[in-house]
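Derivation of every value follows stated rules applied to the coordinates shown; laboratory data play no part. A quick note: this is a predicted structure, and the numbers were derived from the prediction, not measured. Every residue, glycine among them, receives a Cβ derived from its backbone with ideal geometry; neighbour counts consider all protein chains shown.
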Amino acid sequence: MPIFTDFTPNMGRSEISIAFKSFFFSNKKTLKRFAASLKREYDMTPYFYDSGRSALLSILEGLKNDGRNEVIVQSYTCVVVVNAIKAAGYKPVYVDVDESGINMSIKDLKKKITKQTRAMIVQHTFGIPDQIDEIKKLTKEHKFFLIEDLAHAIRATYKEKLLGTYSDAAFLSFGSGKIISSSRGGVALTKRLKLDTSELNPIDNVWKHLYKIILFGLAKPFYYFFSLGKIKIYLLSKLGFLPKVITENEKNGYAPAPHSFSPKLAAIALHQWRRRKNNIKRRRNIAKIYHKELKDTVRCLPFNPEAAYMRFPIFVDNPEKLFAFMKKHHIMLGAEWMGSVIVPSSIDLRATKYKGGCKNAEKTALTIINLPTDRQITPKKAEKITQLIKTFYGN
Ligand SMILES: Cc1ncc(COP(=O)(O)O)c(C=O)c1O
């Protein structure tokens, strides 16, 4: 079976079976149970949404308007984060990444804090912890609101303290490809704000998400078998039967209104949430293999035992060539974080109000490739991936 980095990578037989049952039944208690577990984990009140982007928008809209109109965000980020900032009425202020290439530069952050700074978002890209204690000191000194984006960083820690618990608010994403994935879903966590989710409308077409989980699970093994899976996925996507992760409107800067989290999808996320410790342990193990095998071949960051490793990033010249080489061997590396300082590369960058100047982030966009760490990646498959990369570089 080919290896996919995207394409609902975290779905196994049990998720497919829950998705199938969810076509017919849903249990209203699921969200209550999930909320209780999240509260125990983070000691903050959870508020469910259809996505992480909606959770972020609601947090920002929940802030009291005190006349300050800037929100700091790192420049290597996803367009939906920027859209939420703008939709809440703030101006995004971009901070460059540091030498790691993926997390915020504290030096540049200090330059970007102004009297207008109302809040900042810390991303912990790919689940690799940012220097949240340093950042927290700055937010206290300058009195602005700190939000941790845990879309990539469920269960990651910094100095042995759970990420998310350093801040005034945090949010998780259960979008496809995330550490815990129900195709769509998210949660805001906070003690500082009171958010109201009682009036949210349910998302349209939950069945499309359930269908996607089932279809991808069944089609992936046959992807290259006379191109059966490939053709089916292509056709269904063209016919509009598959939900889009990022819509054309979002690529042009528009943020959709928040919706509620479907209990049908929550059943899948809760199933994975209950297995989160093993999930992260396994990802760390795979990251360790990548690091050990590749550190002398390509640039990679030191192994971090506190990271959640939603992906394992490596940095190379001409990533497209390596990408194409791996594809020939039926390994689809992650493409969504390549090619643009604000991803995906198919967006209208002008709508993000990014004006350049974040040199490290621009370099990252042109040199990064990320390797999969999801549950289909066994140590054997990780070694196969590293062997191919070494072959590509003649090692
Ligand atoms: C860093 C980051 N933050 C936030 C989000 C938003 O999450 P969601 O897709 O659940 O809206 C994403 C993913 O799209 C992301 O990659």
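Just a few scattered comments:
- Across region 285-319, the residues whose backbone nitrogen lies under 19 Å from the label position 7 Å along the beta-carbon direction of Glu383 are 285-297.
- Taking other C-beta atoms within 10 Å as the exposure proxy, Val206, Val79 rank Val206, Val79 from fewest upward.
- Exposed GluC sites (Glu not before Pro) absent: longest stretch of the chain, with sites in DSSP loops and at most 14 other Cβ within 10 Å deemed exposed: 200-395
- Rg/Rg_globular for region 276-392, with Rg_globular taken as 2.2 N^0.38 Å and Rg from C-alpha atoms: 1.11
- One chain, two ends: Lys363 and Tyr234. Fully extended at 0.36 nm per residue, the span grows by 43.2 nm beyond their Cα-Cα distance.
- Subset of Lys32/Lys194; Lys178/Lys288; Lys136/Lys159; Lys29/Lys251; Lys295/Lys381; Lys212/Lys251 violating a 24 Å alpha-carbon distance limit: Lys29/Lys251
- Tail weight of P(r) past 26 Å, computed on alpha-carbon pairs of region 26-190, percent: 22
- Dipole axis of region 279-370 (+1 Lys, Arg; -1 Asp, Glu on Cβ), positive-most option in Asn370, Asn304, Ser340: Asn304
- Neighbour-limited loop hits for chymotrypsin sites (Phe, Trp or Tyr not before Pro), region 1-58 (at most 12 other Cβ within 10 Å; DSSP other than H, G, I, E, B): Phe24, Phe25
- Computed over region 26-190, relative contact order equals 25 percent, with contacts defined as Cα pairs under 8 Å that lie 6+ residues apart.
- Highest mobility in the GNM of the chain, judged by mean-square fluctuation with C-alpha springs under 10 Å and restricted to Val187, Val71, Val298, is found for Val298.
- When you filter the chymotrypsin sites (Phe, Trp or Tyr not before Pro) in region 305-342 for DSSP loop state and at most 12 other Cβ atoms inside 10 Å of their Cβ, nothing is left.
- Relative contact order (%) - the chain, alpha-carbon pairs under 8 angstrom, separation at least six: 25
- Phe392-Ser346 FRET efficiency (beta carbon distance; Förster radius 22 Å; 0.05 resolution): 0.25
- Stretchable slack from Ala324 to Leu218, in nm (0.36 nm times residue separation minus alpha-carbon distance): 35.7 nm
- Gain on full stretching of the segment that runs from Arg40 to Ala257 - 0.36 nm per residue minus C-alpha separation: 75.2 nm
- Note on the chain: along the principal axes its Cα atoms extend 60, 51, 40 Å, ordered by decreasing extent.
- With a Förster radius of 51 Å applied to the beta-carbon distance between Asn27 and Glu99, the computed FRET efficiency rounds to 0.60.
- Euclidean distance of C-alpha centroids, region 311-386 and region 77-140, integer Å: 21
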